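S.K.: What follows is a structure written as structure tokens; I'll ask about it next.
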Amino acid sequence: MKKILITGGSGFVGSHLSERLLNEGNEIICLDNFFTGSKENVIHLMGNKYFELVRHDITMPYFAEIDEIYNLACPASPVHYQYNAIKTIKTSVLGSINMLGLAKRKNAKILQASTSEVYGDPIEHPQTESYWGNVNPIGIRSCYDEGKRVAETLFMDYHRQNKVRIKIIRIFNTYGPRMHKNDGRVVSNFIIQALKNKNITVYGNGKQTRSFQYIDDLVSGMIKMMNNTEDNFVGPVNIGNPIEFTILQLAQKVIELIGSKSKIVFAKLPQDDPMQRKPDINLAKEKLEWKPKIPLEKGLIKTIEYFRKKI
Ligand code: NAD
Ligand code: UDP
């Protein structure tokens, strides 16, 4: 039985990861400041004596006896990470320093949940891990993008300088049950709007693309990366679904699956909104023998069922 610390463990991704790792027979410390996460996301795990929920902010040091750390704490939706931009960057920078310090002291393995946002508004398409990205360092998305880029730097430097055992994954747009209903991300927004027969708000002309991964595929990829035993394979590795859709196609698909009366309306495109995004996943296929299994339609149906019950 491993003792695993999951920061951001009561958020969307963290709650699914906690559940899977607990079911696989591990002991979990789920650490969260409940900024975007909630107890409700993990309440079904609380009866398990190997699950512990701790209210803590990772910008402050934390000490525990642990074997592994999954560092997920950080708001992920543009609405939430821009709400308190300084706090967002502190979470990525100070939070990573605190968690890397803990990993160093305990000789624990640590995985960083990085993001496709490190590629910014990419000029290279699809994005491979060797692409350095096209990020605006002073824009409204920078607190998140640059915070995550610095976090990757810190992980690499702790690895090179202090031999900390690290793994870095770059997560592409992920969706599923337990997404925060007000976080403004496109999948949850469209599903909620369609269920309520309200207008579907497509930003810009809807020709921008994203590649959507269902949560269960992400959790499998994360665990495979953590469990990978090649010490010199630290990543970064892209974890995402390479099937690309325009935002307009997503809107149409959601309307069709729900049988909604919603109309599509066009609204202003947010500043620095990336125009295209699609992962090259050859590295994950080769090193982790991982590829996503759940097609968009199947994942959307599960997510729609969740939100139907929720609202
Ligand atoms: P989320 O907002 O649901 O979860 C983030 C969790 O971190 C929340 O529970 C929040 O309360 C907690 N948190 C935030 N700041 C904290 C702090 N200072 N101390 C302690 N806890 C804190 O988002 P998510 O979608 O579950 O994302 C999880 C991780 O995966 C994030 O690091 C995010 O950057 C990364 N990621 C997610 C996606 C995606 O599409 N969901 C894509 C790329 C990367
Ligand atoms: N988007 C949209 N309508 C919405 C919410 C988002 O058209 O109600 C667009 C957004 O402008 C972006 C894409 O959908 O082009 C994905 O946005 P999201 O916030 O989910 O994630 P991002 O990939 O931008 O971080």
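S.K.: To make sure I understand the rule: partners must be lysines, Cα under 16 Å from the Cα of residue 2, and not fewer than 8 residues away in the same chain. Which ones qualify?
M.R.: Hits, sequence-local ones excluded: 49, 106, 109, 224.
S.K.: Helix 12-23: angle to the longest alpha-carbon principal axis of the chain, degrees 0 to 90, nearest 10?
M.R.: It works out to around 50 degrees.
S.K.: To continue, here is another question. Please report, in Å, the Rg and the Dmax of the range 125-219, where both are computed over Cα atoms only.
M.R.: Computed over the Cα atoms of the range 125-219, radius of gyration and Dmax are 17.1, 55 Å.
S.K.: Compute the angle between helix 215-227 and the longest alpha-carbon principal axis of the chain, please, reported from 0 to 90 degrees and rounded to the nearest 10.
M.R.: Its long axis makes an angle of about 20 degrees.
S.K.: I've got another one for you. Nearest 5 percent is fine: what portion of the DSSP beta bridges confined to the chain is antiparallel?
M.R.: 10 percent
S.K.: Leaving ligands, DNA and RNA out of it, report the carbon-plus-sulfur percent of the accessible area of the range 1-128 at a 1.4 Å probe.
M.R.: Ligands and nucleic acids excluded, carbon and sulfur give 53 percent.
S.K.: Residues of the chain: accessible area per residue at 1.4 Å, in Å²?
M.R.: Roughly 45 Å² per residue, with all protein chains present.
S.K.: Could the peptides 118-124, 178-184 be put in order, highest first, of the mean number of other beta-carbon atoms found within 10 Å of their residues?
M.R.: So the order, starting with the most tightly packed, is 118-124, 178-184.
S.K.: Right, here's the next one. Taking the highest mean first, how do the peptides 62-69, 261-268 order by number of other beta carbon atoms within 10 angstrom per residue?
M.R.: Result, highest mean Cβ count within 10 Å first: 62-69, 261-268.
S.K.: Could I ask something else about it? Where does the chain land on Rg/Rh, using Cα atoms and the Kirkwood Rh?
M.R.: Ratio value, two decimals: 0.95.
S.K.: Under 23 Å Cα to Cα from residue 87, which lysines show up? Leave out anything in the same chain fewer than 8 places away.
M.R.: Excluding near neighbours in sequence, the set is 39, 148, 181.
S.K.: For residue 53, what accessible surface area do you get with a 1.4 Å probe? Give it in Å², rounded to 10.
M.R.: 50 Å²
S.K.: Sticking with this one: Cα gyration tensor of the range 1-59, axes a ≥ b ≥ c as square roots of the eigenvalues: rounded (a/c below 1.5), prolate (a/b > b/c) or oblate?
M.R.: Since a/c reaches 1.5 and a/b is larger than b/c, the shape of the range 1-59 is classed as prolate.
S.K.: Leaving out same-chain residues fewer than 8 places away, which aspartates and glutamates sit with a Cα under 16 Å from that of residue 293?
M.R.: Result set, ordered by chain and number: 216, 217, 244, 280.
S.K.: Which is farthest toward the positive dipole end of the range 50-108 among 93, 66, 103, measuring Cα position about the Cα centre, with Cβ charges +1 (Lys, Arg) and -1 (Asp, Glu)?
M.R.: It is 93.
S.K.: Which whole-number percent is the relative contact order of the chain (Cα, under 8 Å, 6+ apart)?
M.R.: Value for the chain: 18 percent.
S.K.: Moving on to the next point. With every protein chain in place, what's the accessible area of residue 144 (1.4 Å probe, Å², nearest 10)?
M.R.: Counting only protein heavy atoms, residue 144 exposes about 20 Å² to solvent.
S.K.: As a quick test, which of the pairs 196/309; 261/302; 261/291 have an alpha carbon distance above 24 angstrom in this structure?
M.R.: Correct reply: 261/291.
S.K.: Taking all pairs of different Cα atoms in the range 216-304, averaging 1/r and flipping that mean, what Kirkwood radius in angstroms comes out?
M.R.: About 15.6 Å for the range 216-304.
S.K.: Output the 0 to 90 degree angle, nearest 10, between the alpha-carbon long axis of helix 85-106 and the longest principal axis computed from the alpha carbons of the chain.
M.R.: Here the helix axis deviates by roughly 30 degrees.
The values are calculated or read from the model by the stated rules, or taken from the named source; none is laboratory data. In this text, all values refer to a predicted model and were calculated from it rather than measured experimentally. Reconstructed Cβ throughout: ideal geometry from the backbone, glycine too, with neighbour counts over all protein chains shown. We work out accessible area using only protein heavy atoms, side chains counted, and drop any ligands, DNA or RNA first. Shrake-Rupley method; radii C 1.70, N 1.55, O 1.52, S 1.80 Å.
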